[in-house]
């Protein structure tokens, strides 16, 4: 019955038996399928048969539907809602960031140049990493430096004197499927926009801006309050896999039916869909390992801090005890002196 909800809208969705039959008839696909554990096999069958919606946050699926080279208007609309300004994508930039290349926690990373010259970096994190502020600041600084170098080179090639007025805004947008603890501390907010401001009201424009979107928190609010805006609709499309919510989205915003249709068209090619799913699983495994390493490092640092604090307390207690013993020795010496004087007085009497 659950799979039939989506089959009403997407008749190309196949039954589980049809999927398994095709997989078993092709040795390479059968071997790949059997390499997955039972939970992964179940997940694959569920979205192929409409029991659950497809995971749009998996990088291959996201880029299939939201690829700015093919459908720039989709990402433009999403970014316009997120940034609260009209966005027009001028160019998709290669991600030459050394940091992004080294960071296995990144599951999806798209960099686009906008019509006004600003740059938007859209990232997806399946696992909320440690120190999100420090990381996103470094990514933003890297993008800003790349923009500076690119603009300066361009101006010099045209014999135009470089000026810092040519530097445009850099937006770092991070979607968290499982958000970091800093976001979980504010459970009633799912959009966090930030930029540098001066406490005096000094009117100096700082070009680096940030948007955090904790999708796990959004889903909790979504299930309680429903789809309340067009931005909610896009976030629902990206992170919700419950057929009932997908049906609600399609009814309220019919244009998303076309996007889901593309996803299920992809499912018709078993080689492609299994390749995309396998790639997503591989990235998730790498991310999980990296996350566990960082968590352990954070725990070790925390334990070190606790040990240092305990050492400090022990030293303080030891110092207090030494002072008490010293005072006790002084008191004992005074008592002994008094006893000596009393004894002397008794002898004279």
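We did not get these values from a lab; they are worked out from the coordinates using the rules stated. Everything quoted here is computed from the prediction, not taken from an experiment. Here Cβ is always computed from backbone atoms with ideal geometry, including for glycine, and neighbour counts include all displayed protein chains.
Listing 325, 256 from fewest to most neighbouring C-beta atoms within 10 Å gives 325, 256.
Among 54, 138, 267, the largest mean-square fluctuation in a Gaussian network model of the chain (Cα springs under 10 Å) belongs to 138. Taking the number of Cβ atoms within 10 Å of each Cβ as an exposure proxy, the fewest-first ranking of 158, 14, 329 is 158, 329, 14.
Which entry in (1) -0.53; (2) -0.35; (3) -0.40 matches log10 I(q)/I(0) by the Debye sum over Cα atoms at q = 0.08 Å⁻¹ derived from the coordinates of this structure? From the options (1) -0.53; (2) -0.35; (3) -0.40, the structure gives (1). To the nearest 10 degrees, how steeply does helix 132-157 sit against the main Cα axis of the chain, on a 0 to 90 scale? Taking the Cα atoms of the chain, the angle to 132-157 is about 60 degrees. Stretching the chain fully between residue 308 and residue 38 yields a gain of 92.7 nm (0.36 nm per residue, less the alpha carbon separation).
When ranked by the protection proxy of mean other Cβ atoms within 10 Å per residue, highest first, what sequence do the peptides 230-241, 202-213, 118-129 form?
Ranked from most to least packed, the peptides come out as 118-129, 230-241, 202-213.
Model label points for residue 257 and residue 331, set 7 angstrom from Cα along the Cα-to-Cβ axis, are 8.9 nm apart. Axis of helix 230-239 versus longest Cα principal axis of the chain: the two differ by about 80°, to the nearest ten degrees. Averaging the sequence gap over all C-alpha pairs within less than 8 Å and six or more residues apart, then dividing by the number of residues, gives the chain a relative contact order of 19 percent. Note on residue 25 and residue 189: the model spin-label points, each 7 Å out from Cα along the C-beta direction, lie 5.5 nm apart. Using a Gaussian network model of the chain with C-alpha springs under 10 Å, which one of 219, 255, 193 is most mobile by mean-square fluctuation? In the Gaussian network model the winner is 255. The protection proxy used here, the mean number of other Cβ atoms lying within 10 Å of each residue, ranks peptides 272-280, 63-71 as follows, highest first: 272-280, 63-71.
Within the listed set 79, 321, 266, the residue fluctuating most in the Gaussian network model of the chain (springs between alpha-carbon atoms under 10 angstrom) is 321. Here the residues 144, 175, ranked from fewest to most Cβ neighbours within 10 Å of their Cβ, fall in the order 144, 175. Take the Cβ atoms of residue 168 and residue 228, set R0 to 35 Å, and the FRET efficiency comes out at 0.65.
For the chain, the longest principal axis of the C-alpha atoms and the axis of helix 38-48 are separated by about 40°.
Between residue 12 and residue 63, the C-beta separation translates, for a Förster distance of 22 Å, into a calculated FRET efficiency of about 0.60.
The gain in end-to-end length when the residue 269 to residue 346 segment is fully stretched comes to 16.4 nm, 0.36 nm per residue minus the alpha carbon separation.
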